[in-house]
1. Looking at the structure I just gave you, is residue 263 within 14 Å of residue 374 (Cα to Cα) and crowded, with 17+ Cβ neighbours inside 10 Å?
2. Can you tell me which residue in the stretch 318-328 is surrounded by the fewest Cβ atoms within 10 Å (Cβ to Cβ), limited to those that are in a strand (DSSP E or B) and within 26 Å of the chain's Cα centre (by Cα)?
3. Within the bounds of the stretch 354-373, is there any residue that is surrounded by fewer than 21 Cβ atoms within 10 Å (Cβ to Cβ), at pLDDT below 95, in contact with a strand residue (DSSP E or B) (Cβ under 7 Å, 6 or more places away or on another chain) and part of a loop (DSSP other than H, G, I, E, B)?
4. Determine whether residue 208 is touching a strand residue (DSSP E or B) at 6+ places or on another chain (Cβ under 6 Å) and surrounded by fewer than 11 Cβ atoms within 10 Å (Cβ to Cβ).
5. Name the residues in the stretch 292-317 that are within 23 Å of the chain's Cα centre (by Cα), surrounded by fewer than 20 Cβ atoms within 10 Å (Cβ to Cβ) and not in a strand (DSSP E or B), would you?
């Protein structure tokens, strides 16, 4: 793992150029790799199913961060390699002309070629010019050699990083499979209420909108077995449930002019979605045309709605802790290994083909999720 971090740091340092340039992705990779090591220790120490779920969740998140940082490093390396290649190509004709002139001088045996027609003074001046040209040519040759060496180094490191990304992709797929099994084996989650399956089926069949379904959730409770939770996390600083980029803010119209009260995030395929806060699961499953939906109740009369998942975990009534896995985004099966490993588009959002919709409701009214979550450049 440490060698992986060193290789990535070298890639980004070369790509960044002069000293003092930003090397954030390399730092991010080192942090992610430390998270992997910590997650591995958690796996070794885990004995109960709940501990194993926590450790596997940390492992999957650490792999996501590490692979993202590696893609960013490869993107910067590819950009730098292209810039160096273009610079050398642009100088190709100039260097060829200079080498041709030097070779033509070298083929002449007579020293009279160095004599200036104006006499001794002109010859002396010409000699001084040649004396100044020589170190400049040596400096220029050193620059060319350095650029060529950098290109070769970047290419070697890109090949090494690509193989390490392939290994990381295989490991994250194994971690997701183990997480699925650990969640299936878990039986120790407390339940706050027991849902009525008949009422739930009627509500699902009769709901025409997400708003209408959320308003009727209280009707599906058959029996409460514990008091409701109280939000123990500061509103406004909740972590996002998935790593992603904001596509649309609350009440911002989409291309069709549709306005929705929630936030739309772009995520990578098969990204892990976790609970941003300790909460009761009010509903989990398919709904309307929204894909798999998870509705959380962090406190009385407050709901966090997540739509667009491909796979979900848990059942209605369960009480979960913060960072508990809720599901997986889609796209993992349709994306090829080359697409997942390719750094092309990294940093532009084009590689984030899946979307997660986040809506927050308080007292049965939508509120701007920006008032609850800590939105940064990337979640």
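1. It is true that residue 263 is within 14 Å of residue 374 (Cα to Cα) and crowded, with 17+ Cβ neighbours inside 10 Å.
2. Checked the stretch 318-328; the qualifying residue surrounded by the fewest Cβ atoms within 10 Å (Cβ to Cβ) is 320.
3. No.
4. no
5. Across the stretch 292-317, the qualifying residue is only 310.
Here's the yes/no breakdown for (1) in contact (Cβ under 8 Å) with a residue 12 or more places away in the chain; (2) part of a helix (DSSP H, G or I):
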site: 178; (1), (2): yes, yes
site: 182; (1), (2): yes, yes
site: 201; (1), (2): no, yes
site: 212; (1), (2): no, yes
site: 219; (1), (2): yes, yes
site: 228; (1), (2): yes, no
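The values are calculated or read from the model by the stated rules, or taken from the named source; none is laboratory data. Just so it is clear, the structure is predicted and the values come from calculations on it, not from any experiment. Counting neighbours? That spans all protein chains shown, and the Cβs are built from the backbone with ideal geometry, glycine included.
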